[in-house]
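Asker: Following this message is one structure expressed as structure tokens.
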Amino acid sequence: MRLFRQLLLISLGFIAVAASAQNVPRLGQEYTVLDRPQPVEAGKKVEVTEFFGFFCPACNAFEPYLEGWIKKQGDRIVVKRVHVNFHELVTQQKLYYTLEAMGKVDEYQLKTFNAFHVDRNRLSTDAEVMKYVEKVGLDKKKFADIYSSFAIQSKLSRAAQLMNDYKINGVPTVVIDGRFVVSPADLYAKSRNPSTDPANHAGLKVMDWVVDKVYQEKNPVKAAPAAAPAAPAAATKKK
């Protein structure tokens, strides 16, 4: 009976190890690592950069999941977004970076996706962008001043440089800590049982694993100091 219990415990141990291994994303399949990691400025936090485009159907589908995931991470991460210049839709880039400059991304990110994919506003001309701005109630003059500014042109140049540095050829793409690259929409599409539950989203699960890995590297848990030996008890004097 004792031998049977020992064999059972050993078997359960192998099963646990196998299950743990299955939960570890595979390099080259679930994620890749850049040959030349890029500098980050997140300190003890983990930098997460999303490359996206308002025109992109996969980005539109992923964005609500991403926003929920960001809230779940709390203050462990710093989020950056880069609107790519695919299809020469510079107006959409300028729209995003103007919202960013106005501090309005959190409020208008999903609304802007909705304008393109639901309301069918192509946002491909300045007039279409201003029509959207007026519809959602943004300060039109302030928006227009920023939209046409040199600062926004600088943002476009920076976006082009980042796309080149990170070798971005598709969106959405998420880069973590300037080195780990995840394509969440591709992972979701390749899932055997795609789930609409954020907890089971294949891309988010890989992102969870990478963020945990990087955060632990940046914030190693220090071993608790050994307890000081107890002082010897005072000898009792005999009367």
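Asker: Length gain on complete extension for the stretch GLN216 to VAL90, per 0.36 nm per residue less the alpha carbon to alpha carbon distance?
Answerer: The span from GLN216 to VAL90 would gain 41.5 nm if fully extended.
Asker: Next question. One quarter of the convex hull surface, Cα atoms only: what value does that give for region 53-200 in nm²?
Answerer: Mean projected area for region 53-200: 9.4 nm², to one decimal.
Asker: Something else: Across every pair of different alpha-carbon atoms, what Kirkwood hydrodynamic radius in Å does region 49-125 reach?
Answerer: With all distinct Cα pairs of region 49-125 included, I get 12.9 Å.
Asker: A follow-up question, please. First select every other residue whose beta carbon is under 9 angstrom from the beta carbon of PRO37; then total the charges, Lys and Arg +1, Asp and Glu -1.
Answerer: Once positives and negatives cancel, what remains is 0.
Asker: Would you mind checking region 48-70 for residues with the amide N under 16 Å from a putative spin-label position 7 Å along Cα→C-beta of SER124?
Answerer: Those under the cut-off are 54-57.
Asker: Quote to one decimal, in nm, the extra length available between ALA151 and LYS71 on full extension: 0.36 nm per residue of separation minus the C-alpha distance between them.
Answerer: 25.9 nm
Asker: Quick one: if you stick a label point 7 Å off each Cα along the C-beta vector at ARG158 and GLU107, how many nm between them?
Answerer: 2.2 nm
Asker: Also: When only DSSP loop residues count, what GluC sites (Glu not before Pro) in region 85-163 have their Cβ near at most 15 other Cβ atoms within 10 Å?
Answerer: Passing sites in region 85-163 are GLU88.
Asker: I want the local charge near VAL105. Using Cβ-Cβ distances under 15 Å, sum +1 for each Lys or Arg and -1 for each Asp or Glu among the other residues.
Answerer: Its environment carries a net charge of +1.
Asker: Right, another one. Please report Rg over Rh for region 105-173, where both radii come from the alpha carbon positions and Rh follows the Kirkwood definition.
Answerer: Over the Cα atoms of region 105-173, Rg/Rh equals 1.01.
Asker: I would also like to ask the following. Please report the equivalent ellipsoid semi-axes of region 21-66, computed as sqrt(5 x eigenvalue) of the Cα gyration tensor, largest first, in whole Å.
Answerer: 22, 19, 13
Asker: Once you wrap a convex hull around the alpha carbon atoms of region 177-225, what is its projected area averaged over all directions, in nm²?
Answerer: If I average the Cα hull's projected area over directions, I get 4.6 nm².
Asker: Roughly what would the spin-label model give for LYS142 and LEU34, points 7 Å off Cα along C-beta, in nm?
Answerer: About 3.3 nm, to one decimal.
Asker: Let me ask something else about it. Quick one: which of LYS71/LYS140; LYS111/LYS140; LYS94/LYS205; LYS104/LYS141; LYS72/LYS213 span more than 20 angstrom between C-alpha atoms?
Answerer: Beyond 20 Å between Cα atoms: LYS71/LYS140; LYS94/LYS205.
Read-outs: derived from the displayed coordinates by stated rules, not from any lab. Quick caveat, the model's predicted, so the values are computed rather than measured. Counting neighbours? That spans all protein chains shown, and the Cβs are built from the backbone with ideal geometry, glycine included.
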